[in-house]
2 protein chains.
Amino acid sequence: MKKFINGVDTVLAESLDGFAAAHSDILTLGGGHKFIRRKVLKPGKVALISGGGSGHEPLHGGFVGQGMLDAACPGQVFTSPTPDQMMEAATEVNTGAGCLFIVKNYEGDVMNFDMAAEMSEGVMHVVTNDDVAVEDSLYTTGRRGVAGTLVVEKIVGAAAEEGRSLKELKELGDTVNRATRSMGVALTSCTVPAAGKPTFEIGDGEMEFGVGIHGEPGRRRDRLKSADAIAEEICAAIVGDLGSAARGNALLFVNGFGGTPSMELYLMYNSARKLLEKQGVTVVRSLVGSYVTSLDMAGCSITLTMLDDEAARLWDAPVHTPALRWGI
Amino acid sequence: MKKFINGVDTVLAESLDGFAAAHSDILTLGGGHKFIRRKVLKPGKVALISGGGSGHEPLHGGFVGQGMLDAACPGQVFTSPTPDQMMEAATEVNTGAGCLFIVKNYEGDVMNFDMAAEMSEGVMHVVTNDDVAVEDSLYTTGRRGVAGTLVVEKIVGAAAEEGRSLKELKELGDTVNRATRSMGVALTSCTVPAAGKPTFEIGDGEMEFGVGIHGEPGRRRDRLKSADAIAEEICAAIVGDLGSAARGNALLFVNGFGGTPSMELYLMYNSARKLLEKQGVTVVRSLVGSYVTSLDMAGCSITLTMLDDEAARLWDAPVHTPALRWGI
């Protein structure tokens with residue numbers, strides 16, 4: 001294992017300390033590294049809280065700030081945060097208008113956020129499940145929630161700033177999730193620090209098609225194909241699943257898993273965009289970069305969110321977080 | 001070689017096409033992919049042009065836009081752009097106030113930018129050489145220009161927007177370069193698509209200390225050490241080289257080389273910041289991310305720029321580029 005670390009037990013805490021120090025204008029850490037919260041809250045606004053296992057940075061801590069999340073709860077690497085983390089975060093950032101939990105569909109996350117919701121007041125939640133690769137998976141009943149979660153957090157975050165109610169935000173989150181599909185492919189495994197070796201073995205000429213963001217299996221192991229062929233199969237799966245909804249304006253988001261450089265991500269974006277536009281999708285917004293990662297895994301995912309004018313307007317709204325920033 | 005590509009000959013063109021499509025609100029491509037330029041120029045402003053071999057994305061194309069560069073000339077991977085690229089870019093973006101070339105100190109880049117400057121009118125240049133690792137190197141007489149180039153482009157870019165003259169900007173660029181030091185370390189090699197195999201061999205427990213951004217040798221091959229030990233040696237080299245200038249306010253920039261995830265970069269930032277603050281440096285600005293890369297190389301560099309109030313103000317000024325954006 002080749003990583004910049006001091007010891008496997010302190011990776012997360014040291015990284016969070018660095019993160020909080022680098023972005024002290026935006027956020028602060030809760031005691032015991034239990035959560036990351038906005039430095040300045042907006043009274044009367046519904047609080048948005050997300051979280052999940054670490055190793056997917058900048059998701060979710062990198063999206064704490066004006067226009068997105070009020071707090072994020074980081075679990076250990078690829079491990080769900082505990083209910084007390086969400087409860088403490090909710091207590092800290094709920095200014096009276098309630099809390100919306102945004103949860104990726106993984107059994108541990110859903111269970112622990114549910115438990116925290118039951119023990120808190122004024123909480124609703126949105127569960128994202130945008131990954132079309134597999135119906136049930138190693139850690140999931142139903143589809144996995146992956147990179148599309150960023151899109152839900154951005155659009156619902158903008159709406160929350162406008163003062164919408166908890167119920168309205170819950171409905172908007174579900175609507176954005178339903179308009180969003182993703183699928184990914186891995187070229188290499190990630191290596192969890194505490195494990196010290198790659199999560200899975202993969203041959204020199206192979207890819208894991210439909211991989212999950214913890215390196216868990218996807219649809220199949222296949223020989224590595226051209227960027228165009230990979231993009232074509234992913235886009236076909238996404239468009240096929242959206243069905244008649246895959247018409248008109250969309251956000252195209254090509255996401256790196258951590259070990260894939262920008263040059264390749266833009267090349268995949270180029271392939272995907274051309275394919276989608278031939279099929280009646282008009283790409284009106286774009287995001288290309290490593291935002292929902294799997295530690296050092298080489299690979300990428302493609303996410304498509306169909307956008308009505310209102311969703312596009314909320315996507316464009318000002319945001320000021322460590323990882324997404326514009327208009328401020 | 002495991003990459004998202006269609007063919008080694010088309011990697012750069014396809015990636016640039018995707019890049020231009022994703023950021024069509026900010027920039028356009030010159031014919032034959034010779035340069036990337038701002039979509040809207042600001043008449044009367046000195047034009048800032050940079051460039052160099054590709055494979056370091058987002059440097060330089062990702063810094064084209066309001067508040068930074070007017071154009072960037074991408075060479076083939078790790079290959080200098082040709083003088084006609086700079087000349088065509090200069091012709092396109094010079095609105096009459098002259099051009100400043102910002103050039104990383106590599107022999108090919110310096111020679112080709114020089115040639116273009118001789119054949120153009122109203123051109124001056126700043127050559128960056130922030131890398132303290134080695135005095136002369138495989139491709140360099142004198143020190144290499146590396147991640148600190150971003151800092152020069154940002155600060156000089158902001159000053160150019162304010163209407164400063166070519167001569168003033170040249171002086172500012174030299175001043176920022178003199179206040180900037182960097183050094184990097186690689187854990188793995190990069191793989192150039194056309195070569196199809198890693199640029200250098202490196203053992204499981206080894207690191208290349210002081211590596212260049214093309215994977216060229218640094219100070220020495222060493223066994224992989226802890227993040228704290230690596231940060232300590234890099235910071236000592238930087239602070240030692242700055243000498244008495246290493247006092248007071250600074251920008252600390254921890255840069256990933258492409259294959260290293262955000263979690264490790266923030267951990268390195270945490271180590272470096274604590275060390276620097278013990279030595280009388282006050283970190284007042286921070287940047288953490290993969291901005292000056294070496295394709296898929298795992299590794300990182302640390303850059304320190306000493307900031308006076310004016311430089312800090314220019315760093316904070318609005319910027320709207322694909323890779324750096326705030327205030328707009």
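The values are calculated or read from the model by the stated rules, or taken from the named source; none is laboratory data. The model shown is predicted, which means the values in this text are computed figures rather than measured ones. As a convention, Cβ positions derive from the backbone with ideal geometry for all residues, glycine included, and neighbour counts pool all protein chains shown. These accessible areas exclude ligands, DNA and RNA; they are computed on the full protein's heavy atoms, side chains included. Shrake-Rupley method; radii C 1.70, N 1.55, O 1.52, S 1.80 Å.
Can you say whether B:L59 is among the hydrophobic types (A, V, I, L, M, F, W, C), within 12 Å of chain A (Cβ to nearest Cβ), in a loop (DSSP other than H, G, I, E, B) and closer than 30 Å to A:L276 by Cα, as far as the supplied structure shows? Break it down stepwise before answering.
On the way: among the hydrophobic types (A, V, I, L, M, F, W, C): yes; within 12 Å of chain A (Cβ to nearest Cβ): yes; in a loop (DSSP other than H, G, I, E, B): yes; closer than 30 Å to A:L276 by Cα: yes.
It is true that B:L59 is among the hydrophobic types (A, V, I, L, M, F, W, C), within 12 Å of chain A (Cβ to nearest Cβ), in a loop (DSSP other than H, G, I, E, B) and closer than 30 Å to A:L276 by Cα.
The residue that is surrounded by the most Cβ atoms within 10 Å (Cβ to Cβ), counting only those in the stretch B:274-299 that are among the small types (G, A, S) and within 18 Å of B:F257 (Cβ to Cβ), is B:S294. Inspection of the stretch B:300-312 finds a residue satisfying the criterion of being more than 17 Å from the chain's Cα centre (by Cα), surrounded by 22 or more Cβ atoms within 10 Å (Cβ to Cβ) and away from chain A (no Cβ under 13 Å). Of all residues in the stretch B:1-49, how many are outside the structural domain of B:D84 (by TED's automatic domain parsing) and within 19 Å of B:S120 (Cβ to Cβ)? Qualifying residue count for the region: 0.
Could we say that B:S15 is closer than 18 Å to B:A116 by Cα, in contact with a helix residue (DSSP H, G or I) (Cβ under 7 Å, 6 or more places away or on another chain) and small (G, A, S) here?
Considered against the rule, which asks whether it is closer than 18 Å to B:A116 by Cα, in contact with a helix residue (DSSP H, G or I) (Cβ under 7 Å, 6 or more places away or on another chain) and small (G, A, S), B:S15 comes out as no.
Scanning the stretch A:192-209 for residues that are over 18 Å from A:C300 (Cβ atoms), of a type outside the set (G, A, S) and either open to solvent by less than 60 Å² (accessible area, probe 1.4 Å) or facing chain B (nearest Cβ under 9 Å) (or both) yields A:V192, A:P193, A:D204.
When the stretch B:140-156 is filtered for residues that are under 20 Å from B:D109 (Cα atoms) and either in contact with a Gly (Cβ under 7 Å, 6 or more places away or on another chain) or β-branched (V, I, T) (or both), the ones remaining, listed by number, are B:T140, B:T141, B:R144, B:V146, B:T149, B:V151, B:V152, B:V156.
Matching residues to (1) under 15 Å from A:G148 (Cβ atoms); (2) more than 14 Å from chain B (Cβ to nearest Cβ); (3) open to solvent by 10 Å² or more (accessible area, probe 1.4 Å); (4) touching a helix residue (DSSP H, G or I) at 6+ places or on another chain (Cβ under 9 Å):
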position: A:E216; (1), (2), (3), (4): no, yes, no, no
position: A:R219; (1), (2), (3), (4): no, yes, yes, yes
position: A:A227; (1), (2), (3), (4): no, no, no, yes
position: A:A231; (1), (2), (3), (4): no, no, no, yes
position: A:G248; (1), (2), (3), (4): no, yes, yes, no
position: A:V254; (1), (2), (3), (4): yes, no, no, yes
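Taking the stretch B:102-118 as the range and being touching a helix residue (DSSP H, G or I) at 6+ places or on another chain (Cβ under 6 Å) and either open to solvent by 30 Å² or more (accessible area, probe 1.4 Å) or at pLDDT below 95 (or both) as the test, only B:M115 passes. Does at least one position in the stretch A:267-285 carry a residue that is more than 14 Å from chain B (Cβ to nearest Cβ), within 30 Å of A:L138 (Cα to Cα) and either part of a loop (DSSP other than H, G, I, E, B) or touching a Phe, Trp or Tyr at 6+ places or on another chain (Cβ under 8 Å) (or both)? Scanning the stretch A:267-285 turns up no residue that is more than 14 Å from chain B (Cβ to nearest Cβ), within 30 Å of A:L138 (Cα to Cα) and either part of a loop (DSSP other than H, G, I, E, B) or touching a Phe, Trp or Tyr at 6+ places or on another chain (Cβ under 8 Å) (or both). Test B:L295 against the stated conditions and say whether it is in a strand (DSSP E or B), within 27 Å of A:K2 (Cβ to Cβ) and touching a strand residue (DSSP E or B) at 6+ places or on another chain (Cβ under 7 Å). For B:L295, the condition - in a strand (DSSP E or B), within 27 Å of A:K2 (Cβ to Cβ) and touching a strand residue (DSSP E or B) at 6+ places or on another chain (Cβ under 7 Å) - is not met. Just so you know, in the stretch B:33-56 the residues that are within 14 Å of another protein chain (Cβ to nearest Cβ) and small (G, A, S) include one that is nearest to B:T128 (Cα to Cα), and it is B:G52. For B:E264, the conditions (1) open to solvent by 20 Å² or more (accessible area, probe 1.4 Å); (2) within 15 Å of A:A22 (Cα to Cα); (3) of a type in the set (D, E, K, R) all hold with the exception of (1).
Going through A:V185, A:V176 one at a time, which residue ends up being within 11 Å of another protein chain (Cβ to nearest Cβ) and either β-branched (V, I, T) or touching a residue at least 60 places away in the same chain (Cβ under 8 Å) (or both)? Give the derivation first.
Working: A:V176 fails: within 11 Å of another protein chain (Cβ to nearest Cβ).
After applying the criteria, what remains is A:V185.
Within the stretch A:161-186, being buried (at least 24 other Cβ atoms within 10 Å of the Cβ) and among the charged types (D, E, K, R) holds for one residue alone: A:R181.
When restricted to residues that are away from chain B (no Cβ under 13 Å) and surrounded by 15 or more Cβ atoms within 10 Å (Cβ to Cβ), the stretch A:234-244 contains 6. Selection over the stretch A:8-32 of residues that are within 8 Å of chain B (Cβ to nearest Cβ) and surrounded by fewer than 20 Cβ atoms within 10 Å (Cβ to Cβ) gives a count of 1.
Can you name every residue in the stretch B:119-139 that is exposed (fewer than 15 other Cβ atoms within 10 Å of the Cβ) and either closer than 20 Å to B:E92 by Cα or within 16 Å of the chain's Cα centre (by Cα) (or both)? Quick ask: steps written out before the conclusion?
Filtering the stretch B:119-139 down to residues exposed (fewer than 15 other Cβ atoms within 10 Å of the Cβ) leaves B:119, B:121, B:135-136, B:138.
Result: B:M119, B:E121.
Among the strands (runs of 3 or more DSSP E) confined wholly to the stretch B:97-208, which include 1 or more residues that are under 29 Å from B:E233 (Cβ atoms) and among the charged types (D, E, K, R)? Reasoning before the result, please.
Working: elements: B:99-104, B:123-128, B:180-186.
Counting at least 1 such residues, we get B:99-104, B:180-186.
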